[in-house]
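Below: the structure, in structure tokens.
Each reported figure results from applying straightforward, stated rules to the coordinates on display, with no laboratory input. Quick caveat, the model's predicted, so the values are computed rather than measured. Glycine also receives a Cβ, built like all others from the backbone with ideal geometry; neighbour counts cover every protein chain displayed.
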Amino acid sequence: MSFSDKDGEILVKTARSVVTEYLKTGKRLVLLEDFKSKFSYNSGVFVTLNKAEDLRGCIGFPTPERKLYQSLVDAAIASATEDPRFPPVIYEELSDISFEITVLTPPEEISVENTLEYPTKIRVGRDGLIVRWEFGSGLLLPQVPVEYDWNEEEFLNHTCEKAGAPQDCWKRKSTKILKFEGIVFKETSPNGKVTRIQL
């Protein structure tokens, strides 16, 4: 999946425009046809909102079930208004919020003979993880373990926690571990310059 810096900038700015319009008028922004045709392939995507150094919302779609432009709009609005961890963003806050977009490669299940091999099959700074166990699933984006300085085993533990599972759930045969890669673009300041993040 090749993505130019310009592509990333367009996606981040569009996510901001979509949320701005929605919070101001309650309506969905009408996307330009050339934007839709450019991003009309299926891809997973997450939209993350940060206020100062704190998370303000993060919602997305891990699997490439829909066109990127559709998923981007839905994820942007949902991250601002539907993240259950936070009250909905209000329009007046937007000047304090920076937007971040992560475009995902399709998740692939990691196969191992022995579950203790999992840490050797993933790499912090490259991979994001999905843990699926009998009571649900959880996902952490590739930038998360980098921000918290976790090693591969800690990354697995915390993804299990995100799935509502015990930390060592990844050691169970019945648990499925999937990995994916993400291309990350973010505003360096609210409504500021968009840069590609090297993890």
Whole-Å distance, taken between Cα centres, linking the range 129-166 and the range 49-99: 20
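With a/c under 1.5 counting as rounded, go ahead and sort the range 151-199 into rounded, prolate or oblate using the C-alpha gyration tensor (a ≥ b ≥ c being the square roots of the eigenvalues; past the cut-off, prolate if a/b is larger than b/c, else oblate).
Working: a/c = 3.52, a/b = 2.81, b/c = 1.25.
The shape class here is prolate.
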Taking LYS13, LYS173 and counting other C-beta atoms within 10 Å, the order from fewest to most: LYS173, LYS13
If the convex hull is drawn through the Cα atoms of the range 108-180, its volume per residue in Å³: 69
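Considering just Cα atoms, how many Å³ per residue does the convex hull of the chain enclose? Walk me through the intermediate numbers first.
Values: hull volume 23.3 nm³, N = 199.
Here the figure is 117 Å³ per residue.
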Neighbour-limited loop hits for GluC sites (Glu not before Pro), the range 45-112 (at most 13 other Cβ within 10 Å; DSSP other than H, G, I, E, B): GLU53, GLU65, GLU82
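What is the order of ASP96, ASP149, fewest Cβ neighbours within 10 Å to most? Each step should come with its number before you reach the end.
Details: ASP96 14, ASP149 8.
By the 10 Å Cβ count, ascending: ASP149, ASP96.
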Set of lysines with alpha-carbon distance to LYS6 below 23 Å, sequence-local pairs under 8 removed: LYS36, LYS38, LYS67, LYS186, LYS193
Cα gyration tensor shape for the range 30-128, rounded if a/c is under 1.5, else prolate or oblate: oblate
